[in-house]
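S.K.: Would you mind keeping the following structure in view while I ask a few things?
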Amino acid sequence: MPASWSGNDINANRSCARARSVNQSPVRFAAIAALLLSLSFPAEAAAATPYSKAGMRVDGTICVDAATGTVLSEEKADFPGHPASVTKLMTTLLVLEDIRADQTTLRSRVKVTKAAADIGGSQIWLAPGESFTVDEMLYALLLKSANDVAVALAIDRAGSVPAFVVRMNRRAAELGMTRTRFVTPNGLTYGKGPHDTTTARDVAKLSVALCRFPEALKYTGTKQYILRRPGKPLELLNHNHLLDSFPGCDGLKTGWTVAAHASIVTTAKDKDIRVIAVVLGCQSPAGAKAEQRLRDSLAADLMAQGLAKLKKLEAEKALQLAQTPARKAPVKAKKDEGFWDWLVDLFSF
């Protein structure tokens, strides 16, 4: 610094530098935001090709912002269908809410009743009298989609399956799931009824509530878990193949029955944004495997499009903010500050 500079000279130069920095920052932000907007985002239109393929049908789809529930895309989102094992998301939500309310813990043990052991379909072959921790049962419920575990948890939390179903429907009403009626804790129904009924929009509301529990994503994002049983450990593999094929995917639940066909609820995170995609009732004359491929393809498309849309909205907000001049409050002159220093601060925007 030149020795001849006075204290006033130094203060004046600092003030001018501050004024230049403040005046130039909106320009920099505008340039950055414009660059973000110029990036090529994937197409936002809902994938239409699966709907137009001969013999294929999808009951409904929706993609929402997990943070706000804002709908990013939808197709027949209010069409009623059968959720199959997607029903287990409500069972999971009630268990996690009970844990948060100190009514149980992850270490609490759940004793298996004969009613739970006698359930068919996808299961881990529980035996009456066995007991597992709530933590272990949630892994079995969400990876293996164990119907017997859902019943065991229902009886543990409400005393009986019918009492737990009452809780499920009450919570659904609180979440605004106006077109939903649960009759089981696991989605496994037989014959002509009654069946669990819901819509893609209602499942999205349930999923938004569930994603507010980080521990839920711990389970749904796990690809493999070893359930320790005396003498016979059981390997549990997650049915959600998008955990491997879609970056950032960490949930939530698949479902399939003959009556409900193939459904899936997925979620994926990219930095600080998260989306939820729901695909219900994928049907194909080629059978179950084709239906499952269709649901996975649709869910991946919905998540990709949803993430792209949220990124674009964020870039637009950044551009709008950068183009809005920031105004500073008038600054009173300090005793050791000259008149010109005060004037520069006053007109710095």
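S.K.: Taking just the alpha-carbon atoms of region 49-321, what radius of gyration and Dmax come out, in angstrom?
M.R.: Considering region 49-321 through its Cα atoms, Rg and Dmax are 18.1, 63 Å.
S.K.: Can you tell me how much longer the chain between residue 118 and residue 68 gets when fully stretched, taken as 0.36 nm per residue apart minus their C-alpha distance, in nm with one decimal?
M.R.: The residue 118-residue 68 span can extend by a further 14.0 nm.
S.K.: Can you give the net charge of the other residues whose Cβ lies under 11 Å from the Cβ of residue 188, counting K and R as +1 and D and E as -1?
M.R.: -1
S.K.: Now a separate question. Starting from 0.36 nm per residue, how many nanometres of slack lie between residue 215 and residue 79 once their C-alpha separation is accounted for?
M.R.: Once the chain is fully extended between residue 215 and residue 79, it gains 45.9 nm.
Every read-out reported here was derived from the displayed coordinates using simple, explicitly stated rules and does not represent laboratory data. Source: prediction; values computed, not measured. Neighbour counts run over all protein chains shown; Cβ positions are idealised from the backbone, glycine included.
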